[in-house]
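Student: Let me begin by handing over the structure; questions about it come next.
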Amino acid sequence: MIGKAELEFKNNSSLENHVVFDGVTGQSIKLKELAYRRSEKQIQKFQSNSSSEVNWGVLLSKLQDLLNVEYDEDFLEPSQYILKQIAELLYSANNNLGYEMTLPKFLVPDGEGGIRIEWRMNDKYLHLVYSEKRNYLYFQENSEGNGIKDFSANQLIEKLRWLNQK
C-alpha cells in the first residue's frame, strides 16, 4: 500500500527478522539490515554521520517493544497489518530524511488495535494515529493546528521536515 515495499510479518517473533520485499530491486531483506542499505549517494551523504542507521535501530526497537505489551479484550493489540503499515511508513521516512529524521517522543499502542506516534520539537507537535478505523496526522504550531486524514508516506515525510524547520 505505502511505497513499493511489501512487509511479510511472520508470527510475533522479533520484528528485526521480518522480511521486506522491495518491488523495485526485486530483492528481499530483513528489517534489521534495512538501516544499512543505502544507495551510493546516500552512503556519501551519511559517511560522516551514521545517525540514520541509529534512528532506524531505535525505531525498530520501539516497534518490537509493542510486541511485549500486555493486551486483553479491553486493550487490543495492533494487528500485523497495522505493524506492517507503521514499519513501512517509518522506514520510508527514515530512508528519505536520514539524519534529519526526528525520533518520536512516543510510539505506543492506542488500545483499539492501532498505533499512536507523537513527535515534538520546540513549539511544534506532530501526532500520527494509524488503526483499522482511522488514519490521520495532526500537526500544531503554537495554538494553530490542522489534520490530514488517510495520509500518505510523502505527507508524513513533509510534516517531519516541517517539524525540524525553525
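Student: Scan region 114-122 and give yes if some residue there is touching a His at 6+ places or on another chain (Cβ under 6 Å) and surrounded by 15 or more Cβ atoms within 10 Å (Cβ to Cβ), otherwise no.
Tutor: Going through region 114-122, the residues touching a His at 6+ places or on another chain (Cβ under 6 Å) turn out to be 118.
Narrowing the set further to residues that are surrounded by 15 or more Cβ atoms within 10 Å (Cβ to Cβ) leaves 118.
Yes: region 114-122 contains one or more residues that are touching a His at 6+ places or on another chain (Cβ under 6 Å) and surrounded by 15 or more Cβ atoms within 10 Å (Cβ to Cβ).
Student: As an exercise: evaluate Ile82 against (1) out of contact with any Gly (no Cβ under 7 Å at 6 or more places or on another chain); (2) outside any strand (DSSP E or B); (3) of a type in the set (Val, Ile, Thr) and give the number of the one condition it does not meet.
Tutor: (1)
Student: Output the number of the condition that Leu59 fails; it satisfies all remaining conditions of (1) in contact with a helix residue (DSSP H, G or I) (Cβ under 8 Å, 6 or more places away or on another chain); (2) at positive phi.
Tutor: Going through (1) in contact with a helix residue (DSSP H, G or I) (Cβ under 8 Å, 6 or more places away or on another chain); (2) at positive phi one by one, Leu59 breaks only (2).
Student: Please find, among Asp74, Asp110, the residue that is over 14 Å from the mean Cα position of the chain (by Cα), crowded, with 17+ Cβ neighbours inside 10 Å, acidic (Asp, Glu) and farther than 27 Å from Lys166 by Cα. Show your work before the answer.
Tutor: Values: Asp74 fails: crowded, with 17+ Cβ neighbours inside 10 Å.
Unique residue meeting the criteria: Asp110.
Student: Within region 152-166, take every residue that is more than 13 Å from the chain's Cα centre (by Cα) and among the hydrophobic types (A, V, I, L, M, F, W, C) and give me the one that is surrounded by the fewest Cβ atoms within 10 Å (Cβ to Cβ).
Tutor: Trp162
Student: Taking region 28-79 as the region of interest, how many residues are of a type in the set (D, E, K, R), in a loop (DSSP other than H, G, I, E, B) and at pLDDT below 85?
Tutor: First pass over region 28-79, keeping only residues of a type in the set (D, E, K, R): 30, 32-33, 37-38, 40-41, 45, 53, 62, 65, 70, 72-74, 77.
So of that shortlist, the ones also in a loop (DSSP other than H, G, I, E, B) come out as 37-38, 70, 72-74, 77.
From what is left, the residues that are at pLDDT below 85 are 37-38.
So the count comes out to 2.
Student: Of everything in region 106-144, what is in contact with a Phe, Trp or Tyr (Cβ under 6 Å, 6 or more places away or on another chain) and not hydrophobic (A, V, I, L, M, F, W, C)? Give them in sequence order.
Tutor: Initially, region 106-144 is screened for residues in contact with a Phe, Trp or Tyr (Cβ under 6 Å, 6 or more places away or on another chain), giving 111, 114-115, 118, 126-127, 129, 137, 140.
Passing the criteria: Gly111, Gly114, Glu118, His127, Gln140.
The values are calculated or read from the model by the stated rules, or taken from the named source; none is laboratory data. The model shown is predicted, which means the values in this text are computed figures rather than measured ones. Neighbour counts run over all protein chains shown; Cβ positions are idealised from the backbone, glycine included.
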